[in-house]
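Values in this text are rule-based calculations from the coordinates and carry no lab data. The structure presented is a predicted model; accordingly, all values stated were derived computationally and were not measured. Note that each Cβ is placed from the backbone with ideal geometry, even for glycine, and that neighbours are counted across all protein chains shown.
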Amino acid sequence: MVHWADYMAEKIIRERGDKEEYVVESGITPSGYVHIGNFREFFTAYIVGHALRDRGKKVHHIHMWDDYDRFRKVPKNVPQEWREHLTKPVSEVPDPWGCHGSYAEHFMAIFEEEVSRLGIEVDFLHAYELYKSGEYAEEVKLALQRRDEIKAVLDKYRERAKQPPLEENWQPVMVYCPHCRKEAEFRGWDGGWRVSYRCPHCGREGETDIREGNVKLRWRVDWPMRWAHFRVDFEPAGKDHLAAGSSYDTGKEIVERIFGWPAPMTLMYEFVGINGQKGKMSGSKGNVILLSDLYEVLEPGIIRFIYAKSRPNKELKIDLGLGLLNLYDEFDKVERIYFGLEEAKSEEEFEELRRTYELSMPDVPERLTAQAPFRFLVTLVQMPHLDEEGIIRILQEQGHVPGELSEEDVERIRLRIRLAKNWVEKYAPDDVKFSLLERPPEIDLQPEVREAMLEVAEWLEKNEKFSVDELNNVIFDAAKKRGIPSKKWFKALYNIFIGKDRGPRLAPFLASLDMDFVVKRLRMEA
Ligand SMILES: [Zn+2]
């Protein structure tokens with residue numbers, strides 16, 4: 001057993017008992033953009049479920065949208081008028097962008113659409129609907145009945161953390177005003193279904209029936225209640241929820257004592273960041289990266305690969321700069337190893353990579369689908385004379401993809417071409433970008449450099465068919481026999497083609513250009 005998801009799955013079966021079906025849960029409050037850090041919560045639950053399924057188990061993955069939480073603050077990207085909606089449930093705050101039914105819906109819809117492309121089976125549940133339909137009414141009543149015990153648990157942990165105990169009149173619930181929908185004050189409970197309230201916002205007071213869903217459990221009680229309600233076996237949690245005395249610790253005691261269900265097993269996951277970006281990503285700040293951003297430059301399988309290969313307890317840094325090219329190389333290698341086209345360093349490494357690949361792919365293909373090298377595509381997409389067809393032709397000529405391509409091959413190559421274009425536009429550092437000079441530049445070239453250029457030109461004219469390696473040798477030899485240092489030689493060549501001192505790997509680059517053009521340029525003819 002080499003993958004962390006398998007290890008966790010085995011542990012779940014051992015400790016929760018060998019059952020036919022397991023419930024895994026993830027949960028997110030849609031109070032802002034649901035970003036690639038939140039996705040780790042979701043994916044960790046999913047992949048452990050995947051490992052359980054691979055052991056012949058049924059798995060029910062529920063994703064809880066905590067859309068009945070309060071609207072706590074107006075993020076920068078939202079009009080300040082939205083202050084008037086503070087303390088309403090996020091699912092009842094209007095959508096500032098006007099495209100969805102509510103503020104929360106806006107963020108949930110984007111995420112659900114993004115996730116739908118990853119081949120993940122999941123049940124999206126909404127706290128709002130569950131409360132409003134009375135689904136939790138019994139548990140809310142129970143929490144009010146057992147209020148003193150719950151408070152005692154919370155106070156015990158507060159004392160350990162050297163915090164003052166909760167206020168005497170603390171309640172395990174909060175109340176939404178049935179009229180203006182903002183948070184109201186809890187005034188009392190009749191021991192049955194009725195809770196009385198007073199609203200400081202609209203001034204109304206009265207009673208509300210718990211079954212109408214305006215009485216909501218506070219987070220530290222809501223979480224354990226839900227574990228019991230849905231009989232959850234596993235739920236990952238961010239480190240802020242797992243520190244000593246955190247909501248997991250108190251939740252564990254509350255679910256066992258009050259709601260009668262053993263606390264689910266958990267797994268701590270670390271934050272996700274973008275290379276070069278400082279600080280924690282937050283849905284309400286401007287620094288969020290969404291799955292949609294990743295889709296612009298990465299295949300869905302590679303997005304899953306990023307999360308699948310990293311142990312959750314390690315901080316994950318996603319590199320959208322040059323590091324993205326390495327990521328493609330790494331993934332392509334793992335894929336070739338999976339299909340037996342390349343060897344791993346050891347049997348153990350093979351097992352780990354094989355499993356990681358399996359867990360990464362939305363659908364594991366039966367055979368290797370053509371891998372267009374992303375690094376080379378970055379060069380090709382910058383060639384003004386090449387369209388998608390032209391690029392595919394070059395890839396075939398240079399042996400990067402097979403001469404005969406299936407529909408899936410072509411689809412994948414076309415996708416990568418678009419991803420490479422996006423990457424060049426959005427993330428490529430300047431030294432990776434270039435454009436071909438339309439005319440030869442006016443630069444001084446030493447006689448021996450001119451001679452070497454003419455020799456390469458002549459060779460190209462004589463040889464209609466050649467491999468990139470052959471061209472590479474010719475280029476090197478022409479300089480070597482004249483004693484031209486290779487640094488100087490390459491500098492000259494890059495300058496005559498792209499007007500820069502450095503550029504993409506030269507031989508494949510030249511081989512992908514129109515040969516008449518290359519010959520003319522080497523002769524410095526306009
Ligand atoms: Zn009110």
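List of remarks:
- Placing +1 on each Lys and Arg Cβ and -1 on each Asp and Glu Cβ, with no other charges, gives region 54-106 a dipole about its Cα centre of roughly 320 debye.
- Our compactness index for region 274-360, the C-alpha radius of gyration over the empirical 2.2 N^0.38 Å, is 1.21.
- Toward the positive end of the charge dipole of region 297-400, with +1 on the Cβ of Lys and Arg and -1 on the Cβ of Asp and Glu, the farthest Cα among 298, 321, 338 is that of 321.
- Whole-angstrom gap from region 209-245 to region 462-526, using each part's C-alpha centre: 65
- Charge dipole (the chain, unit charges on Cβ, about Cα centre) - positive-most of 227, 489, 4: 227
- Pairwise FRET efficiency - residue 162 versus residue 212, Cβ, R0 = 30 Å, nearest 0.05: 0.15
- With a cut-off of 14 Å on the backbone N, the residues of region 360-381 near the modelled label site 7 Å out from residue 336 along Cα-Cβ are 368-376.
- Segment residue 53-residue 367, extension gain: residue separation times 0.36 nm, minus the distance between their alpha carbons: 110.7 nm
- Two-site FRET efficiency, residue 72 against residue 439, from Cβ-Cβ distance with R₀ of 45 Å, rounded to 0.05: 0.15
- Charged side chains reduced to their Cβ positions (Lys and Arg at +1, Asp and Glu at -1) give the chain a dipole of some 1820 debye around its Cα centre.
- Largest-first principal axis extents, alpha carbons of the chain, Å: 98, 54, 45
- Options 17, 166, 96, ranked by Cα towards positive dipole end of the chain, top entry (Cβ charges): 166
- By the Cβ rule of 4.7 Å, the chain holds the following cysteines without a possible disulfide partner: 99.
- Peptides 338-349, 379-390 ordered by packing proxy, namely the average of other Cβ atoms within 10 Å per residue, highest first: 379-390, 338-349.
- Helix-derived mean residue ellipticity, 222 nm - over the chain, DSSP H n ≥ 4, -39500 (n - 2.57), to 500: -13500 deg cm²/dmol
- Charge context of residue 247, other residues only, Cβ under 13 angstrom, K/R +1, D/E -1: 0
- Alpha carbon Rg of region 447-522, scaled by the compact-globule rule 2.2 N^0.38 Å: 0.99
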